[in-house]
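For reference, the structure discussed in these notes is given below.
The values are calculated or read from the model by the stated rules, or taken from the named source; none is laboratory data. Only a predicted model underlies this, so the values are computations on that prediction, with no experimental measurement involved. All accessible areas refer to the heavy atoms of the entire protein, side chains included, with ligands and DNA or RNA removed. Shrake-Rupley method; radii C 1.70, N 1.55, O 1.52, S 1.80 Å.
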Amino acid sequence: MPADFLPVVFWAPDAGNLEFMIAYLHEQAYAQPVAKLKFHKAAFTEVTKADYEAWVQTKWKDNIVPLGDRDDEYNKGQSFFRGFGFFPKGDPRNVETRRPSCHAMLRVPITGMLQDKIRERWPADKPRYWLIDGSTIFTMQNQYPDQLGGGVRSAARWNREIPGSQPSFFRGTGVNRPSGVGHIELVPSEVASGQGLRIPYRVETGYPWASDRLLSQTTLDINIDTANGADHGFAYCFRDMWSHYLVEHVPNGRARAVEQRFFIDGQLVATLPNATAVAPGAAIVENDRYLWLRDLSPFPLTHELARMQ
């Protein structure tokens, strides 16, 4: 175990409502002006089976994470973070077992030939923020793997963070600390996430913001918070019920098209009309200098966290 191990730590504005939490995904996050926490150290102690069973009978019951039947948790994967059975009758979170996930973007510099390709698409009025659709980004990731990932993901040299890839804290191995080791990797050549300063975002279909208004609403807002850099190093963790509001109630079973609206620090910067993809359905481009890329798959909160808190 590394002496400077840095786990992923979550802060909830309301300890009685864990439908929204903020994940600290970089050691610099603790030094940001908006930070609510200070990290000192993480310690590990070996315990016996008897110690563990005593903890289950005492401390485990005081967990702030709502607890259900322990057998159901192990055998059926049924827990608060998986949703079913923990919400009032008729609540869509009981019907669709959608786990909360943590959502963030990386602001990736654009250079070289990739920058030339991006400039070809820059609208004539040269807006500061504009969009590139997801399919184009996917193509670019394969054309420019050193900058954007793509085919390099499966290569043995993939030993650093790749924008838009799967973060390694998906597996609970800790945050990679630029100042040291701080993480646990089974294979040293695998990606060690945490080097990039992530920017948190939230989507209107997520709880606790979602409501039945979304069943007929023609717009869908994505809010990205930077606070001029003070919000870098975090992710927003929430339960995104996108399919409930935009797919399940559509007669043909296809996603209902909406206009996705992108806000940065409360200011509308771009729109994506007739979007049917999960939001955000496009990458933000800042001038011709940066791509704002979301993680390929936001990492979910699982029943393991409910056990181990």
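Details
- Accessible area (Å², 1.4 Å probe, nearest 10) - Glu19: 10
- Taking the range 194-239 and dividing mean pair separation by its residue count, relative contact order in percent (alpha carbons under 8 Å, at least six apart): 58
- With all protein chains in place and ligands, DNA and RNA left out, the 1.4 Å accessible area ranks Thr218, Thr58, Thr45, Thr205 as Thr45, Thr218, Thr58, Thr205, largest first.
- Largest first, the residues Val8, Val108 sort by 1.4 Å accessible area into Val8, Val108.
- For the range 226-294, accessible area per residue (1.4 Å probe, heavy atoms of protein chains only), Å²: 41
- Ranking by accessible area, most exposed first, for Phe263, Phe234, Phe39, Phe138 with a 1.4 Å probe: Phe138, Phe39, Phe263, Phe234
- Gyration tensor (alpha-carbon) shape descriptor, the range 1-65, a/c threshold 1.5: oblate
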